[in-house]
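> Quick one: the structure is below, questions incoming.
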Amino acid sequence: MCGIVGYLGSSQAVPYLVSELKCLEYRGYDSAGVAVIEEGKLRILKAAGKLSNLESLLQSAPSGGTIGIGHTRWATHGAPTDLNAHPHTDEDGIIAVVHNGIIENYTDLKDELIAAGCKFSSDTDTEVVAHLVARNYKSGKSMLQSVIEAVRRLKGIYALGIVNVKHPGEIYAVNHHYSLTVGIGDNECFLASDSLAYRQYTNQMIRLEQSEVAVMSTSGIKLFSFDGTESVRTPISSDTFQFVADKAGFKHYLHKEIHEQPNVLRQTLSAYMSDVNLPVALRKSEAVAKNGIPTAGIALSNGQIKGLERIQILACGTAYHAGLIGKYIIEELAGIPVDVEIASECRGRKLLVNDRTLTIAVSQSGETADTLAALKEAGELGSFTLGITNRADSHLAHLTNNLIFTKCGIEVSVAATKTYVAQLISFYLLGIFLAEERGSLPAKQALELKKSLMLIPTLQEQVLATEDAVKDAAIHYKNAQDMVFVGRGFNYPTALEGALKLKELSYIHASGYAAGELKHGPIAVLDEQVPVITVVVPGIVYDKTLSNAQEAKARNAQMIAVAVEGDKAVARIFETVLNIPPVQEFLSPLLTVIPLQLFSYFIAEALGKDVDQPRNLAKSVTVE
Ligand code: AGP
């Protein structure tokens, strides 16, 4: 949430800042701004709305400055206006600050600073930092000391980029339980909350540790802890993927990413299961650890895995839905009881974990604050930890030694699609791995399951080939005010995910329920205006799901199904059927979600919504 960037070198800073901001716009897009030091003055340009608004401003007022910081914002404190956009300054325009995270004690600090004569011009928590640093500096302290003394007074978790007009060759970067990296090029350096932002210019980087200040200049990077102690670290070279802004002929990244799903699964499968006759290759090989970059694999011993009494999965949003299916998979295959928690609900609560618990954090970005905080706490309480993420360079990947990387490439669209199915496939692989380690799955059954998994990408392609029919359905139902999604068993989480996709993409109100729960209350909202989308595939819960659908039909709801092509019982009940090919119930979530993703996409597109960057959202949710 929010993106910090910086550039310092001999070239003009603005083009670099803009190019870095473009890579980070996924972190928030309600306003953006830059501060450049030029001819002994701070030049600040900010604009509410998308980055393109700032770009237009910058084009009309070019800058020759070679040092600057920039920011793309997702508003927490103060509306998304020009005034509240970052950077923020002290009243004399000496210090400029960009900030991610939240300063929790900002009201107390603001009262104190106002009483001391400071004049505030925004509603943000950030502005206190500019005034604190400026006051320290004006009292004669060095810039480093001014920054350190200011941040020691802040409560919360945050990252900062700071420049001082009197120090035109330096950027001060601060990380406090957040993520911030410095990129090192030839006589130039970059600052970014995600190294993706400067990967096209350099792959040499330093990740700031917790409670650390970096002083960046063309002569090098100096690192200091909050007590002023200097430390030295060699840059690491990051060879993970670059951001490539390519829609491959699709109108939206979302549509492209939905279509990438078969190949994403092929890549994740081939990384961990190249031969179905061998055990799933999730065991960590010490030989591959390199360069300080986390590597995939599970380092728990066979004895530790056999000794597990409970698994707890922590995640938010779409990743939480993947975790709900993960529970069914692991319980079924490995016979270990699994609880799934919305990560933010773990905060401030007693976590019942011990050294026989495995806590799994699922996060495509690897930066979700709620998920990271809950995982850290579980680890501190003695639980084993494991991360499933799409970003090998993320905060999450540095928090635990047990990692599964989904092989999706960057997911640009804010709504998660391909990373969701990759998280699901990771759970199938993890389930088989745990079962193989614990001896809870007969070899023949494991082999059959692995062979079936290998066929899923092709079946997904068959689903994607039906997208014209999904588009017709989307256009037919696009004016609904509310929609209800239901499913049972493995497809109950699919219903939740279908409802979330529709809400975030089209802004139509939607709710997902376990189909059996309809009659316990939600059925009261049904009438002829409400489409009910039922996910129903042959298997253990098939008949009961159809009965629940009949209950909705009896209330005159508009009936839509995601079901196996040619299912006659389904054809008798539902007016619209979104087809999938025959698939076993256990693996069906890998297919059933696709028509729902497409349905939401086509509705949003027909309604003219901002498909890739829906209102009020951000791709990486780094505040608690
Ligand atoms: C998905 O479409 C959402 N935008 C959102 O729910 C997301 O899944 C959630 O914020 C968790 O993100 P993470 O996977 O990066 O942790």
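> Could you tell me whether region 522-530 includes any residue that is without any contact (Cβ under 8 Å) to a residue 24 or more places away in the chain and part of a helix (DSSP H, G or I)? Outline the logic, then answer.
Residues of region 522-530 that are without any contact (Cβ under 8 Å) to a residue 24 or more places away in the chain, as a first pass: 524.
From the residues that got through so far, the ones that are part of a helix (DSSP H, G or I) too are 524.
Looking through region 522-530, at least one residue is without any contact (Cβ under 8 Å) to a residue 24 or more places away in the chain and part of a helix (DSSP H, G or I).
> Give region 401-413 a look and list any residue that's modelled with pLDDT of 95 or more and either away from the ligand (no atom under 13 Å from the Cβ) or on the phi > 0 side of the Ramachandran plot (or both), or say none.
Scanning region 401-413 gives ASN402, LEU403, ILE404, PHE405.
To keep it simple, each residue is scored yes or no on (1) of a type in the set (S, T, N, Q); (2) within 26 Å of the chain's Cα centre (by Cα); (3) surrounded by fewer than 24 Cβ atoms within 10 Å (Cβ to Cβ).
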position	(1), (2), (3)
GLU20	no, yes, no
ALA32	no, yes, no
ILE37	no, no, no
LEU45	no, no, yes
SER60	yes, no, yes
GLY64	no, no, yes
HIS71	no, yes, no
ALA75	no, yes, yes
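> While we're looking at this one, here's another question. In a loop (DSSP other than H, G, I, E, B) and within 11 Å of the ligand (Cβ to nearest atom), is that true of ALA416?
Answer is yes for this residue.
> Do the conditions hold for GLN445, that is, is it over 29 Å from the mean Cα position of the chain (by Cα) and at pLDDT 95 or above?
On the way: over 29 Å from the mean Cα position of the chain (by Cα): yes; at pLDDT 95 or above: yes.
Yes, satisfied.
> Would you confirm, using the coordinates I've provided, whether LEU83 is outside any strand (DSSP E or B), of a type in the set (A, V, I, L, M) and closer than 14 Å to VAL14 by Cβ? Steps first, please.
Numbers: outside any strand (DSSP E or B): yes; of a type in the set (A, V, I, L, M): yes; closer than 14 Å to VAL14 by Cβ: no.
Answer is no for this residue.
> On to the next question. Which of the residues belonging to region 494-507 are open to solvent by less than 10 Å² (accessible area, probe 1.4 Å) and out of contact with any Lys or Arg (no Cβ under 7 Å at 6 or more places or on another chain)?
Here is the first cut: in region 494-507, the ones open to solvent by less than 10 Å² (accessible area, probe 1.4 Å) are 494-495, 497-499, 501-502, 505-506.
Within region 494-507, THR494, ALA495, GLU497, GLY498, ALA499, LYS501, LEU502 meet the criteria.
> For region 375-395, which positions are in a helix (DSSP H, G or I), modelled with pLDDT of 95 or more and not charged (D, E, K, R)?
Those that are in a helix (DSSP H, G or I), modelled with pLDDT of 95 or more and not charged (D, E, K, R): LEU375, ALA378, GLY379.
> How do the helices (runs of 4 or more DSSP H) wholly within region 539-624 filter down when requiring 2 or more residues that are within 15 Å of the ligand (Cβ to nearest atom) and crowded, with 24+ Cβ neighbours inside 10 Å: which remain?
Working: elements: 542-553, 568-573, 589-606.
It comes to 589-606.
> Regarding region 148-159, can at least one residue be identified that is without any contact (Cβ under 8 Å) to a residue 60 or more places away in the chain and under 28 Å from LYS22 (Cα atoms)?
At the first step, the residues of region 148-159 found to be without any contact (Cβ under 8 Å) to a residue 60 or more places away in the chain are 149-150, 153-156, 158.
Filter once more, keeping what is under 28 Å from LYS22 (Cα atoms): 156, 158.
Checked against the condition, which is being without any contact (Cβ under 8 Å) to a residue 60 or more places away in the chain and under 28 Å from LYS22 (Cα atoms), region 148-159 yields at least one hit.
> Taking region 178-198, which residues are part of a loop (DSSP other than H, G, I, E, B) and free of Cβ contacts under 8 Å to residues at least 60 places away in the same chain?
Scanning region 178-198 gives a single hit, ASP186.
> Could you run through region 367-400 and say how many residues are free of Cβ contacts under 8 Å to residues at least 12 places away in the same chain and either open to solvent by less than 10 Å² (accessible area, probe 1.4 Å) or within 9 Å of the ligand (Cβ to nearest atom) (or both)?
First, the residues of region 367-400 that are free of Cβ contacts under 8 Å to residues at least 12 places away in the same chain: 380.
If we keep only those that are either open to solvent by less than 10 Å² (accessible area, probe 1.4 Å) or within 9 Å of the ligand (Cβ to nearest atom) (or both) as well, we get none.
Qualifying residue count, region 367-400: 0.
> Is there a residue being part of a strand (DSSP E or B), out of contact with any helix residue (DSSP H, G or I) (no Cβ under 8 Å at 6 or more places or on another chain) and loosely packed, with under 13 Cβ neighbours inside 10 Å anywhere in region 206-214? Walk me through it before giving the result.
Just the residues of region 206-214 that are part of a strand (DSSP E or B), to begin with: 206-207, 212-214.
Filter again for out of contact with any helix residue (DSSP H, G or I) (no Cβ under 8 Å at 6 or more places or on another chain), leaving 206, 212, 214.
Next, from what is left, pick out any that are loosely packed, with under 13 Cβ neighbours inside 10 Å: none.
No, there is no match, as no residue in region 206-214 is part of a strand (DSSP E or B), out of contact with any helix residue (DSSP H, G or I) (no Cβ under 8 Å at 6 or more places or on another chain) and loosely packed, with under 13 Cβ neighbours inside 10 Å.
> Taking the condition within 16 Å of the ligand (Cβ to nearest atom), closer than 27 Å to LEU447 by Cβ and small (Gly, Ala, Ser), does GLY317 pass? Before you say what the answer is, go through the steps one by one.
Working: within 16 Å of the ligand (Cβ to nearest atom): yes; closer than 27 Å to LEU447 by Cβ: no; small (Gly, Ala, Ser): yes.
In short, no.
> Turning to a different aspect of this structure: Given the options ASN491, ASN479, name the one that is crowded, with 21+ Cβ neighbours inside 10 Å and either of a type outside the set (Phe, Trp, Tyr) or more than 22 Å from the chain's Cα centre (by Cα) (or both). Outline the logic, then answer.
Details: ASN479 fails: crowded, with 21+ Cβ neighbours inside 10 Å.
Within the list ASN491, ASN479, the selection yields ASN491.
The values are calculated or read from the model by the stated rules, or taken from the named source; none is laboratory data. Everything quoted here is computed from the prediction, not taken from an experiment. Methodologically, a virtual Cβ is constructed for each residue, glycine included, from the backbone with ideal geometry; neighbour enumeration extends over all protein chains shown. Accessible surface areas use protein heavy atoms only, side chains included; no ligands, DNA or RNA. Shrake-Rupley method; radii C 1.70, N 1.55, O 1.52, S 1.80 Å.
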